[in-house]
């Protein structure tokens with residue numbers, strides 16, 4: 001289950017890799033934001049990982065990868081997938097996963113698109129190339145940018161459940 005469109009983003013806090021507190025709702029104060037909830041041992045997260053830097057290249061869109069892993073594991077996964085070379089914010093939702101719970105994230109990956117001001121525009125679970133490209137188009141429209149293709153057939157599987 002994912003949050004319904006129009007719902008406000010919760011004020012739940014996550015941590016950056018240095019331990020600083022970050023508000024989920026605050027990520028969308030200046031423009032749209034895409035939250036990508038993931039875990040390193042998740043096969044669907046692995047299949048989806050290539051799309052994140054391409055989404056982060058959308059001008060005006062803030063992309064945050066919200067990890068359910070420890071900081072060292074989060075850094076390693078990010079480096080292995082090029083997230084450290086793209087403007088992807090790395091955040092930690094530590095156990096008991098308060099932010100995931102507040103957004104009704106029940107599986108990884110879960111994608112949540114927030115409009116400027118922090119309302120849920122769209123949400124999806126698992127990995128689907130078609131959903132990722134549709135989400136990119138919707139995010140780009142919110143940001144006033146051209147819609148990119150973020151996943152091609154050469155990138156791997158077209159679908160993998162979360």
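The values are calculated or read from the model by the stated rules, or taken from the named source; none is laboratory data. These numbers come from a predicted model, not from an experiment. Note that each Cβ is placed from the backbone with ideal geometry, even for glycine, and that neighbours are counted across all protein chains shown.
Among the residues of region 81-111, those identified as more than 19 Å from residue 13 (Cβ to Cβ), part of a helix (DSSP H, G or I) and in contact (Cβ under 8 Å) with a residue 12 or more places away in the chain are 83, 85.
As a summary of the residue check, residue 162 satisfies the conditions (1) outside any helix (DSSP H, G or I); (2) touching a strand residue (DSSP E or B) at 6+ places or on another chain (Cβ under 8 Å); (3) modelled with pLDDT of 95 or more except for the one numbered (3).
Can you confirm whether region 141-156 contains a residue that is in contact with a strand residue (DSSP E or B) (Cβ under 6 Å, 6 or more places away or on another chain) and touching a residue at least 60 places away in the same chain (Cβ under 8 Å)? Checking region 141-156: not a single residue is in contact with a strand residue (DSSP E or B) (Cβ under 6 Å, 6 or more places away or on another chain) and touching a residue at least 60 places away in the same chain (Cβ under 8 Å). Considered as a group, the residues in region 98-124 that are over 23 Å from residue 31 (Cα atoms) and in contact with a strand residue (DSSP E or B) (Cβ under 9 Å, 6 or more places away or on another chain) include one that is surrounded by the fewest Cβ atoms within 10 Å (Cβ to Cβ), and that residue is 106. Looking only at region 16-29, decide whether some residue is surrounded by fewer than 21 Cβ atoms within 10 Å (Cβ to Cβ), in contact (Cβ under 8 Å) with a residue 40 or more places away in the chain, farther than 26 Å from residue 140 by Cβ and touching a helix residue (DSSP H, G or I) at 6+ places or on another chain (Cβ under 7 Å). Yes, region 16-29 has at least one match.
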